[in-house]
Amino acid sequence: VVAPHALASLGMDGRSGLLAGWIFGLISLYDGASIASVVPLDAWGQTVLRRVTRAAWIISALLIALHVVMWSSSYSLSLLPTILGLPFLAIPRLRQELNVWLVVVGTLTVTLFVAPSVFWITAILASGALCLRVVAPKRSPVAIYPTPQDSRHAPYRTNGPTRNERENGPISVIMPELTEGERLRCWSGALFSLYLGLWTMSWNHGVVAHHLLVIDVAFTLVAGIAAWRSRARVTFLVPLAATYIHLIAQERLIPFPTSEASLGEAAIAFGFALLGGALLVSYKLRSFEITRP
């Protein structure tokens with residue numbers, strides 16, 4: 001009911017972004033084990049339940065595709081933001097944090113060169129995917145198998161369970177959880193991606209859009225409060241510092257050196273800045289002790 005009115009009142013990029021967010025949100029809700037029986041089922045009952053669940057999801061997907069086709073014929077829509085945002089669906093399911101950031105940075109980089117006009121949509125989708133990784137992770141459980149007594153004497157190392165382990169089954173199944181540091185980094189990445197999306201909303205290509213005071217102030221306040229509450233200053237303040245460095249360079253608040261004398265002065269100032277940073281790090285690490293073997 002709301003979607004037709006919203007699509008009619010937005011421009012092409014806005015409609016495409018709304019469609020991409022709608023599809024991304026619906027696909028993120030997919031969970032093969034979300035339908036369960038309240039009563040015990042035998043083997044045939046479990047088979048029927050799996051088939052019914054699969055049929056329900058297939059029908060839902062067909063209805064979503066029908067809506068997309070209908071809206072595409074009625075309004076001027078682009079499916080490019082939706083296609084570019086598909087890799088973000090894997091973020092809540094990835095186990096390695098490095099793969100998460102490779103997907104985020106790689107997708108945003110490809111969008112920046114392929115379709116800069118929809119970069120803001122992709123950045124907002126990346127922010128949503130990182131939030132889902134923290135609040136609704138969908139990583140597969142890890143099976144823990146017993147360690148054989150003679151495993152240390154085995155001539156070869158294997159990554160998977162042995163034949164006896166497969167026959168006896170795992171002793172436990174655990175759901176991997178995010179560490180506190182990874183959780184904070186995901187929140188920081190989500191905040192910075194949202195900032196990028198809001199900042200580049202009116203940017204199509206060419207010269208990067210100028211900073212908006214309202215967005216910069218809001219981003220500064222949120223990042224500062226998050227760094228103060230979580231005590232993860234580097235996690236939140238590094239993206240904030242990068243933002244202000246770009247602002248200084250874009251607005252030319254600090255004049256760039258143009259002569260040999262100014263280059264020498266800049267080098268001296270940079271050296272003193274490095275010295276001050278090294279002294280600050282040494283002061284922060286004064287309480288750490290080096291344990292010698």
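The values are calculated or read from the model by the stated rules, or taken from the named source; none is laboratory data. Everything quoted here is computed from the prediction, not taken from an experiment. Cβ sites come from the backbone with ideal geometry, for glycine too, and all protein chains shown count toward neighbours. When the accessible area is computed, the model is the full protein with side chains, heavy atoms only, and any ligands, DNA or RNA have been set aside. Shrake-Rupley method; radii C 1.70, N 1.55, O 1.52, S 1.80 Å.
Points to keep in mind about this one:
- Qualifying residue in the range 37-47 (condition: under 30 Å from residue 94 (Cα atoms) and either open to solvent by 50 Å² or more (accessible area, probe 1.4 Å) or modelled with pLDDT under 80 (or both)): yes
- Boolean, residue 81 is within 19 Å of the chain's Cα centre (by Cα) and either at pLDDT below 85 or over 21 Å from residue 10 (Cα atoms) (or both): no
To keep it simple, each residue is scored yes or no on (1) surrounded by 17 or more Cβ atoms within 10 Å (Cβ to Cβ); (2) closer than 26 Å to residue 133 by Cα.
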site: 22; (1), (2): yes, yes
site: 49; (1), (2): no, no
site: 58; (1), (2): no, yes
site: 63; (1), (2): no, no
site: 66; (1), (2): no, no
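- Single residue of the range 189-208 satisfying the filter (in a helix (DSSP H, G or I) and open to solvent by less than 40 Å² (accessible area, probe 1.4 Å)) that is farthest from residue 111 (Cα to Cα): 191
- Residue among 285, 280, 178 that is open to solvent by less than 70 Å² (accessible area, probe 1.4 Å) and either at pLDDT below 85 or in contact with a helix residue (DSSP H, G or I) (Cβ under 8 Å, 6 or more places away or on another chain) (or both): 178
- Test: residue in the range 254-265 that is touching a residue at least 12 places away in the same chain (Cβ under 8 Å) and of a type outside the set (D, E, K, R): no
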